[in-house]
Structure formats: structure tokens, C-alpha cells
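Trainee: Structure below; questions to follow.
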Amino acid sequence: LFKLDSSYNGKGPVVFAWQKEGNFLAVAGVNRRVHIVDRQGKDYFTIPLPGGGPGPCTQLDWDCTGEVLAILQQGASTIPLWNFNTKKLDNVDTNMKDLTFIKWSKVGSQLAVGTAKGNLLIYDRKKMKKVPIVGKHQKRITCGAWNSQNRLALGAEDKQLTISNTEGDTLDSAHMKNEPSLIQFSDMKADERAKSKENTVSVNMGGKTLLLYNTTDQDNPIELAFQQRYGNIVSYKWFGDGYILIGFSSGYVVVISTHLKEIGQEVNSIRFHRDNLTDVTFSPALQKGASIGDNCVKIFDMSELSKMSEQRSEKMELDNEFGTLTRVDWTEDGQILTVSSKHGYIYTFLTRIPALHDVFGTRVLFLESLRDLRVKDMVDDEDIARIRIEIEPSFVSLGPNTVAVGMNNRVWFYRLADHNGKLQQTRSYLSTVQTVRLSREYAAVFTEGRVTLHPIDQTEDEVGVTSSGDSSRHRVFPEKDDTADITVVAMTEDFLIYGTSRGTIHYFSLEDWCYVNEFRFSHGIRQLYPNNAGTRVVFVDQTNAAYLYSPVNDQAMTIEKFSPSTEKVMWDTNDWGIFYGADNQTFTTYIYSPNSRWGPTTEAVTYNADGNANVQTTDRPYGFVPILCYNGNMVCQRKENGQLATITMQTHQYVAQSVRLSGEQVIHVFYKYLALHRLDEAWKIACQLNLQECWCALGDKALHLLDVNMAIRVHRKLERPAMVMSLERLAHVNEKNLLLGHVALMFKNFSEAQSHFMRSTRPTLALDMRRDLMHWDVA
């Protein structure tokens, strides 16, 4: 992402600390300057440190609010505190010499300061109160940590561990075999766990063993020793439910569990570095670990501990840094990984890009890096535009010729032209913007239960005034002030569509500037997924049931076999009747048929080449976020790097690919065409195969879908003149119930045929059928 070299930090060791939210990085080298940089590596502020007496900066630490940065200089007697909001530097005089350690509380305003003589100062920033404790330790305080109960654990060269409260009173102490380092608080893994209180103190004892000291069971500390070939313990991190990631000097990374039944057993161990390892870290957001050693950074997946391996790791080599890397750490959101070196370098890597994207037609807008957007046509494989933006957005939106990005209550609108985007305007809204939908001319901005609809090029100053002198092209929905109940909004070229918690779906015409449709449902609307024209809408209600709604006839039909855990629905941009549901594990293909023996139907696509009708689902790889589907090819954005990947649906396997197929594969493709209601393509495959069973299956499917002309063609191939003559008489039947009755009769479904005939203009056909069948009682 960016690199800060020795000309920036000075030639020598460099320290760094990320602000709690991960928005700003504090960096200090041997040149007595602390640089505050943003996530792009751009200078935000520089804090000059006094020269003369104190040496270079040895430690940086942000308080729990991310507002105040504490700075420790070698041999200093004062602690500079820099306030992020005021940009002012205040010096806290400790009245102590040779300060060696600083650490802010995790939950309070207390700062612990240790000295070379073992003295302790606790400074409360809010109360402006200093509590000096002389003789807390007999020798240099080297390490420490606060827990969530505001208890402070300290380790010193006198081989003592002390635990104190915010007043500096010693609550507990223990003698160590070796000099303690890398003190951390956590909880051991237990069968039944209450709310975490961080009662376990872990201590690296001289690099030889790891001590687990439970403050509620002081008499039974647990000391963990490891194989000699691993070398010394140089770093460790607690993660998950009582697991510890440990880095060893010889390059090994080991995972252990602290469950009492598993103590002493390694979950996994891998040698990630050939010669040396200096630090490890873990990101809960990514479920990944990282280690530094030799001249490289290794990032490894820890979502499944038993499958950790060299093959499942990423390696980033750093030139001229062999054996000089010192520390590695992630931002809280897992997006940025930072590495420091003894040569004065800071390396910052982008390890996760927010999965932000939108789609319009076959074009996809996605975040390529933290501030770079890309628009690409996935069918033509053509880059439309690349846009450098001013912010790290929380949402993005794509229209026919406009891109919108935003965060909080502000939205930036970019006009697409000449393969880039030109900033058109920036607008602020009254409350936090959740999302924006775009048409060619209008933007619909969704904010806390309301939608603001306005022309894209209309500025804030122009609200309420147009060229005609009225405000007709700026509107807020709903129009009653006390009913901010909109739950979801969508937009097509012609309509603004929104759903409410009351269970209504509204269509607003952008051309006529008025409501054109309102549908009332029994449950609140949670999600809306219209097709490109807005003529069909899949909606999900508050019970997670899904329906297909048509504004043409104002009818909604239940979608059969719809997974209640579905996260998103996408229409196929190549096939008007196909849409896809994605839950966290699978993709399911659904098909809508407006005409069939059973009326309009919407159901999951089933495949029955082997005689068993099974719903065909496609596995969704971990971290793949679906965006767009074209002819069965699902375009996804990968969470780990923001890049696009394509998966072919099982229902379209071989169908969407131009490959030479074997005989068995051709049969599978034939039945997939039938399942997708692509009868013309199935006809071509049937001609190629010329198998009786394929012709019969195609003929039946054509009749099920009321495609009489296709059925005539098939039965001519089957040399069934009587059936052809019967079908030809139906080719000109325009009355639906008559046609359905005759088709049901051909399938020998007499009750169904009778029902349709009785509802037709010729009910006597039902009597004729029963007479011909000699069903006298029914007749």
C-alpha cells in the first residue's frame, strides 16, 4: 500500500502504533520525529521531539479512545501526550528518571509508566492525577498489560510479576524462574464459559517457557515448555476460544489450546521461515495470522487450524531486509498489515479490501483498492473506467453514466466519460446515508426510513427551484412526516420502487413523476430485487419467505423451495426468466414460467437426467460475494483481495461453455436445456443425439410449457401422425382453458382436463370426454 523509508524515519530502529479505529498510523524513528500518517501513507501531522538529553523514541501507544498518543523516549523523565483533536502536545512530568515502559488502560484514562529502577507512575488523564509508586519492582520494568477489569500486570528484570489496581496497590505477585517478557491478559479455554474477565496472565519466561498464571487460582500456575528444535519464544498472540499462536526464533509457528484436557498438545506447527522469526500477529477480522522473519512476511489462513500449511500461506519478500524485520501488526479491521525494520523502514500492505460493489446491466463497479474504483463490462471483458476517489467509502452505486460513493451523510457523484470519472458534485443529507440508487437522470438516496429523489446534477442550492420555478423534480418519500417506514429501495430506468415495514410495495414513475402502482402484502418487506425493466420483482418479507411479484397484473406468487437463509437474489442478465439465490454456502437457480399447464410458476431448477428430480445447487466458496450473473456465470468479488472471480452454476455447467463434449455430457446438456426451458437449444441437441427418450422428454416438456408448435415438430420426428393431427387442431386455439383441457387430456389427466373444460366456453367437451371414456357415473 505504501512504504516509509529511512529518509523519513532515520537509519535505525523504527516503532509504530495504529490508532484504535485504524485510521491513522503513528511512526517514529531515530530522527526524533513522530509522524502521523493516514491509511494512504500521506502526512497528516509531524510531532518534533526534544533533542539533547532524551534519546530516540522507543514506544508509542494510543489510548482506548484513539484520541491521545503517548510517546516514550529513551532515558526521558517526561511523557509527551499528543492530542489528535487539538493537535497539541502536553508533557507529563513524572519526576522520575530513565523511563522504560508506557501502557494505556484498555478501558479507562490511566497511563502506566515504568522506570529503570522499578518505580511505577499511574497517570489519570481525565482527573489530571499522578500516583507514584516507589519500589513496585527492584529492577527495570520491561513489560506490562492492562485487562478489561482495569488491572495492571507488570514484569521486570527482578523476575517478579505484579498485578495492581488503578491506584497502584499490589493485588498479587509471583516470582518467575526467568526474566518475564511479553505479558498479556486473556482467558483459558473452558468447557463452560461465563463472560470473559481476562483472569489469566500469560508470561514469556526468558524465551524458554510460557507461564499461564490464573489470578483466581494462584497456587496452580501452568508452565508450558516446547521442543528444543523450535528455539526461543519470540512472540505470541491469544486468539479465538483460548488458543495461542506462538512464534519461535528458528522459524516455527505453533498453535496450542489452553483447554485443560488439551494442555501440552500442539494443534499445529509449521516452519514458515528458514533461518529466523521475529514476530507473529493475528487478525480476528480475517481469521488469519502473520509472521515476519528472514526477509519476508508470511500470511496464513487460520479459519481451520488443522489445515494450516505452507501451501495455504502468502509470502511477500522485502529486499535488503534479511534478519532486520522487527514487528508486525494489523489494523483492527484487518485491512492493513504493517511491518517495521531495524533499517528505518515501514512497510504497509493491503490485506483486505471492503467488498463494495454495484451492478448496472452487465457492468460491475467494484473497489479495487481503498480509494480506487473500477467499472468493467463483464460480458465484453472491457474496462469502462477507473476512478480515484477522495475517501474510503462505506457504499458505492453504479448507474448508466454515473457513479456515487459515500460515507456518513455525504455522497460524491462522478460522471463516467473517457475511461475515467469526473467529480460532478458533492452533496450532504440530513442523516446517515444507507445506500444510493441511480438511473440515467435521477438519484434515490435512502436515509433512515426515507428516500430523497432528485436529479443527479441538482446541487443543494438548487433544491426547491428548477428552470420552471417549481420543486417538482425533488421529492421525499414517504410524504407524511410521521411514517418513515421505508425498509428497502430499488431503481430502474423508469421506476423508483420501494418497500415498507407495513408490507406495501410502491412504484413511482420517473417520467410521469407520479405513483403508478401500490401492492399491499400481509408482512413487512425486507428486500426487493427487480429485473432490469422492473416488470418482475422478487421480494422477501420479514418472515424470510420469498415471492415473485408482477406489477402488470398485481399478482404475487410464492417461490417454491426458497432458502430462508438467502442473502441476495440476482436476475440473469441474459435470460429473462432465470434468477439466483445466494445463501452463505450455496447458489440456487430459480426459473419463472408465465405459461404452463399449471399456470404461472416459479421454482428451483431441478435436473433429472438419471430419473431423479433434484434441486441443483452450486457450492459458494468462502469469501466470495456474488455481484452479477450472465448466462449462468456468477461474477463474485473476493473478500480477501477485492478482485473478481467467476463461477459457473451447476445448472449451466457445459451449457455456458463452448467446449467439445463427450456423448454422456451431451445428454446432460440436453436435460439441462429442458430444465432451463430452452427448447430450441434442446431441439438441436436432440437432433444430434436422435434418441427416443430425448424426443419424448422434449415433446412432454413442450406440452407442459404450452409450446404447441414445438410439440408438433417433435412428434413429426417420432413419426406419430395421429398426435401431430391432434396438435395441429390445437395450434389455433386461443382460449387458455380449452388449450389446457386438451393438453391435460393428452397426458391422461382426466380430472384436470374436466376442470379446465368446465371453465371454458365449451363445457360440453367435459361431457364428451367422460362419454368417450365410458365414465357414465361422472358423466
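The values are calculated or read from the model by the stated rules, or taken from the named source; none is laboratory data. Predicted model only: the values in this text are computed from it and were never measured. Note that each Cβ is placed from the backbone with ideal geometry, even for glycine, and that neighbours are counted across all protein chains shown. Areas reflect the complete protein model, heavy atoms only, side chains present, ligands, DNA and RNA absent. Shrake-Rupley method; radii C 1.70, N 1.55, O 1.52, S 1.80 Å.
Trainee: Which pairs break 20 Å Cα to Cα here: 672/701; 103/130; 139/342?
Mentor: As for pairs spanning more than 20 Å Cα to Cα, those are 139/342.
Trainee: Run the numbers on the chain and let me know its relative contact order in percent, using alpha-carbon pairs under 8 Å that are six or more apart.
Mentor: It comes to 4 percent, rounded to a whole number.
Trainee: So what is the diffusion coefficient of region 683-771 in µm² per second by Stokes-Einstein at 10 °C and 1.306 mPa s, using a Kirkwood Rh over Cα pairs?
Mentor: In µm²/s, the coefficient is 117.
Trainee: Packing-wise, with mean Cβ within 10 Å as the measure, how do 672-678, 55-61 rank, highest first?
Mentor: Highest mean packing first, the order is 672-678, 55-61.
Trainee: Right, another one. What does the accessible area per residue of region 330-390 come to in Å², with a 1.4 Å probe and no ligands, DNA or RNA counted?
Mentor: 36
Trainee: Relative to the longest principal axis of the chain, what angle (0 to 90°, nearest 10) does the C-alpha long axis of helix 679-689 take?
Mentor: 80
Trainee: Now for a separate question. To test your reading of the geometry: what angle, between 0 and 90 degrees and rounded to tens, separates the Cα axis of helix 721-730 from the longest principal axis of the chain?
Mentor: Once rounded, the angle reads 80 degrees.
Trainee: Do any of 42/127; 11/208; 106/127 go past 27 Å between their Cα atoms, and which?
Mentor: Listed pairs above 27 Å: 42/127; 11/208.
Trainee: How do the peptides 436-443, 213-220, 568-575 rank, highest first, by the average count of neighbouring beta carbon atoms within 10 Å per residue?
Mentor: Taking the mean over residues of other Cβ atoms within 10 Å, the ranking is 436-443, 568-575, 213-220.
Trainee: Further question on the same structure: If you plug each phi of region 493-508 into the Karplus form 6.51 cos²θ - 1.76 cosθ + 1.60 with θ = phi - 60°, what whole-Hz ³J(HN,Hα) values come out, in order, with x for Gly and Pro?
Mentor: Running phi through 6.51 cos²θ - 1.76 cosθ + 1.60 with θ = phi - 60° gives 4, 10, 9, 9, 10, 9, x, 10, 6, 7, x, 10, 10, 10, 10, 10 Hz.
Trainee: On a full-extension model of 0.36 nm per residue, what is the gain between residue 307 and residue 518, subtracting their alpha-carbon distance, rounded to one decimal in nm?
Mentor: Value of the extension gain: 70.6 nm.
Trainee: Using a cut-off of 13 Å between beta-carbons, work out the net charge of the residues near residue 542 (Lys and Arg +1, Asp and Glu -1, residue 542 not included).
Mentor: Overall, the nearby charge balance is 0.
Trainee: So what's Rg/Rh here for region 97-152, counting alpha carbon atoms and using the Kirkwood radius for Rh?
Mentor: Computed over Cα atoms, the ratio is 0.96.
Trainee: Can you tell me the alpha carbon radius of gyration of region 116-177 divided by the globular rule-of-thumb value 2.2 N^0.38 Å?
Mentor: 1.08
Trainee: Work out how much length residue 169 to residue 691 would gain on full extension: take 0.36 nm times their residue separation and subtract the Cα-Cα distance, in nm to one decimal.
Mentor: Residue separation times 0.36 nm, minus the Cα-Cα distance, leaves 179.0 nm.
Trainee: Another question about this same structure. Could you work out how far apart the two model spin labels at residue 422 and residue 275 are, taking each label as a point 7 Å from the Cα in the direction of the beta carbon, and quote it in nm?
Mentor: Simple spin-label model gives 5.5 nm for this pair.
Trainee: Further question on the same structure: Where does the Debye-calculated log10 I(q)/I(0) of the chain sit at q = 0.06, 0.08, 0.09 Å⁻¹, using only Cα point scatterers of equal weight, no solvent?
Mentor: The computed values of log10 I(q)/I(0) come out as -0.55, -0.86, -1.00.
Trainee: Then there is this: Describe numerically, in nm with one decimal, the distance between label points set 7 Å from Cα along Cα→Cβ at residue 544 and at residue 95.
Mentor: 6.3
Trainee: With +1 on each Lys and Arg Cβ and -1 on each Asp and Glu Cβ, and nothing else charged, work out how big the dipole of the chain is about its Cα centre, in Debye to the nearest 20.
Mentor: 1200
Trainee: Rounded to the nearest whole Å², what accessible area per residue is found for region 1-83 with the 1.4 Å probe?
Mentor: 37
Trainee: Classify region 550-673 from the C-alpha gyration tensor, please: rounded if a/c falls under 1.5, else prolate or oblate depending on whether a/b exceeds b/c.
Mentor: Here region 550-673 falls in the oblate category.
Trainee: Give me the 1.4 Å probe accessible area per residue for region 685-779, excluding ligands and nucleic acids, in Å².
Mentor: 58
Trainee: Using a cut-off of 10 Å between beta-carbons, work out the net charge of the residues near residue 2 (Lys and Arg +1, Asp and Glu -1, residue 2 not included).
Mentor: That works out to +2.
Trainee: Going highest first, how would you order 147-160, 250-263 by mean Cβ packing within 10 Å?
Mentor: Packing proxy ranking, top to bottom: 147-160, 250-263.
Trainee: Would you calculate the separation in nanometres between label points at residue 64 and residue 758, each defined as 7 Å from the Cα along the Cα-to-beta-carbon direction?
Mentor: Once both label points are built, they end up 7.5 nm from each other.
Trainee: Can you list, largest first and rounded to whole Å, the semi-axes you get for region 1-142 by taking the square root of 5 times each eigenvalue of its Cα gyration tensor?
Mentor: Semi-axes, largest first: 25, 18, 12 Å.
Trainee: Where does helix 663-675 land angle-wise versus the long Cα axis of the chain, in degrees 0 to 90, nearest 10?
Mentor: On a 0 to 90 degree scale, this one is about 80.
Trainee: Work out from phi, with θ = phi - 60° and the Karplus expression 6.51 cos²θ - 1.76 cosθ + 1.60, the ³J(HN,Hα) of each residue of region 224-241, listed in order in whole Hz, and give x for Gly and Pro.
Mentor: 3J(HN,Hα) across region 224-241, in whole Hz: 9, 10, 10, 4, 4, 5, 6, x, 8, 6, 10, 6, 7, 9, 6, 7, x, 8.
Trainee: Length gain on complete extension for the stretch residue 241 to residue 218, per 0.36 nm per residue less the alpha carbon to alpha carbon distance?
Mentor: Separation in residues times 0.36 nm, less the Cα-Cα distance, equals 6.1 nm.
Trainee: Still on this model: Let me know the whole percent of all Cα-Cα pairs from region 488-542 that are separated by more than 15 Å.
Mentor: Tail fraction, whole percent: 40.
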